[in-house]
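This report concerns only the one structure given below.
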Ligand SMILES: *Cc1c(COP(=O)(O)O)cnc(C)c1O
């Protein structure tokens, strides 16, 4: 029994997954009388074919430099987050340690699954204290959730620190890399393939511009990927989403990502010039966390101008802060123009 098998919920370890007749018959054509679908062809009358996920995994594997067998595809990475709780955490008993402030879905998915959350506050510069993190763990802590680059603070953590946490913690470590394409600090995807307790989450929703398709991924050991594939809904991604995703994965994103990184640098340099801006936190992502003297007032002002930013001022550790996504160059110009006028109000 591998050390990971011991972490799996007993009911999941004993699960025999739903299997479809279509999994057993791999051919693309035939007379399909197995799944109660409509026989009238319109492109979508059939359930998704297993080959579609296989094609996307092969493509993503080539892009990320990891084997397809180490990739799980989810209905957004949000699905992967939920599955991790369902596979490893016994409701009402186990707990998860989550750094805070961070992505809200970890806590929401934990609450839905009746898993207690132990928050560990990041430093005032959003640095991560490994000792505090490990001290928050007990024998019922099955998962630690880390996010790098972190949402909403924008900073990525040193890879050595994240790997040190993997080495020292006996449970599952999740590193959410939704914004990794904007970061110069690199990905832990290769490490996730060769270790037994690391799950890296990535998504097509951010740099790859497919938020509307809902496709996310987990990269991990083959054993963990097998567990996730067993627990997911059989047809978790739609035919339409997978067709589009495969098409868009053929497009190069480098120029767009470069532009966003340049625009991030421009806003990082411009924003501190305003008297009402107290701090622009350094960002490895496609957004900036900005501390201002009256976040609620600025948020309402921008809303009135038709510019929607995220008011994070009620989040512990983000007091006085708004989070601004880097837009197109002309959209960032519009933000700057609005801020010029705000200064004069
Ligand atoms: C946006 C975001 C995601 C993406 O979630 P999807 O369900 O894949 O769209 C995941 N993690 C973090 C931290 C995010 O900010």
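The values are calculated or read from the model by the stated rules, or taken from the named source; none is laboratory data. Not measured: the values here are computed from a predicted model. Because the Cβ atoms are built from the backbone with ideal geometry, glycine has one as well, and the counts that use them run over all protein chains shown.
Are any of the residues in region 165-173 within 15 Å of the ligand (Cβ to nearest atom), at pLDDT 95 or above, surrounded by fewer than 21 Cβ atoms within 10 Å (Cβ to Cβ) and not assigned by TED's automatic domain parsing to the domain that holds residue 321? Checked against the condition, which is being within 15 Å of the ligand (Cβ to nearest atom), at pLDDT 95 or above, surrounded by fewer than 21 Cβ atoms within 10 Å (Cβ to Cβ) and not assigned by TED's automatic domain parsing to the domain that holds residue 321, region 165-173 yields no hits at all.
Within region 188-206, restricting attention to residues that are in a loop (DSSP other than H, G, I, E, B) and surrounded by 21 or more Cβ atoms within 10 Å (Cβ to Cβ), the residue that is farthest from the ligand (Cβ to nearest atom) is 197.
Applying the criterion of being away from the ligand (no atom under 15 Å from the Cβ) and touching a strand residue (DSSP E or B) at 6+ places or on another chain (Cβ under 8 Å) to the residues of region 65-89, the residue that is farthest from residue 232 (Cα to Cα) is 66.
Residue 60 fulfils the conditions (1) under 19 Å from the mean Cα position of the chain (by Cα); (2) farther than 28 Å from residue 15 by Cα; (3) outside any helix (DSSP H, G or I) except for a single criterion, (3).
Here residue 117 passes the criteria (1) buried (at least 22 other Cβ atoms within 10 Å of the Cβ); (2) in contact with a strand residue (DSSP E or B) (Cβ under 8 Å, 6 or more places away or on another chain); (3) free of Cβ contacts under 8 Å to residues at least 60 places away in the same chain; (4) outside any loop (DSSP other than H, G, I, E, B) except the one numbered (1).
Only one of the listed residues (74, 92) is at positive phi and in the same structural domain as residue 147 (by TED's automatic domain parsing). That residue is 92. The requirement of being touching a residue at least 40 places away in the same chain (Cβ under 8 Å), outside the structural domain of residue 231 (by TED's automatic domain parsing) and in contact with a helix residue (DSSP H, G or I) (Cβ under 9 Å, 6 or more places away or on another chain) is not satisfied by residue 84.
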